[in-house]
1. Output the residue which, of all residues in the stretch 42-52 that are open to solvent by 80 Å² or more (accessible area, probe 1.4 Å) and at pLDDT 60 or above, is nearest to residue 8 (Cα to Cα).
2. Hey, could you check the stretch 4-22 for residues that are at pLDDT 75 or above and in contact with an Asp or Glu (Cβ under 9 Å, 6 or more places away or on another chain) and say which is surrounded by the most Cβ atoms within 10 Å (Cβ to Cβ)?
3. Considering the stretch 27-41 alone, what residues qualify as being open to solvent by 80 Å² or more (accessible area, probe 1.4 Å) and either closer than 17 Å to residue 10 by Cα or modelled with pLDDT of 85 or more (or both)?
4. Which pairs have Cβ atoms under 9 Å, sit 6 or more apart or on different chains, and link a residue in the stretch 56-73 that is among the hydrophobic types (A, V, I, L, M, F, W, C) to one that is open to solvent by 70 Å² or more (accessible area, probe 1.4 Å) and in a helix (DSSP H, G or I)?
Amino acid sequence: MQIMKSSGSREKLLKEIFDLTISFQTKYPEIYVNLIETPLFLTYDHKNITEKEFFDYREFLKVQLEILETTKANTRLIVL
């Protein structure tokens, strides 16, 4: 894991998390509701959240979105 030393890198990571979250909100609103319950507050000022947790959360969102999109594509093929 790469350690983030600059605030620009942190901002990039937070933007990626934000963008992924928006993807859930627009494409899968029924799943987005569950993301709201995730106990991760998106701020580095919160002392209990580590950079690793932000990285892990981003990866979690990426994987979940990929699974949903793959499932949706496969379902579409079956229906057609």
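1. 52
2. Among those residues, the one meeting the criterion is 13.
3. Result: 27, 41.
4. Going by the 9 Å Cβ cut-off, the qualifying pairs are 65/27; 68/27.
The values are calculated or read from the model by the stated rules, or taken from the named source; none is laboratory data. These figures come from a predicted structure and were not determined experimentally. Neighbour counts run over all protein chains shown; Cβ positions are idealised from the backbone, glycine included. Remember, those area values only see protein heavy atoms, side chains included, never the ligands or the DNA or RNA. Shrake-Rupley method; radii C 1.70, N 1.55, O 1.52, S 1.80 Å.
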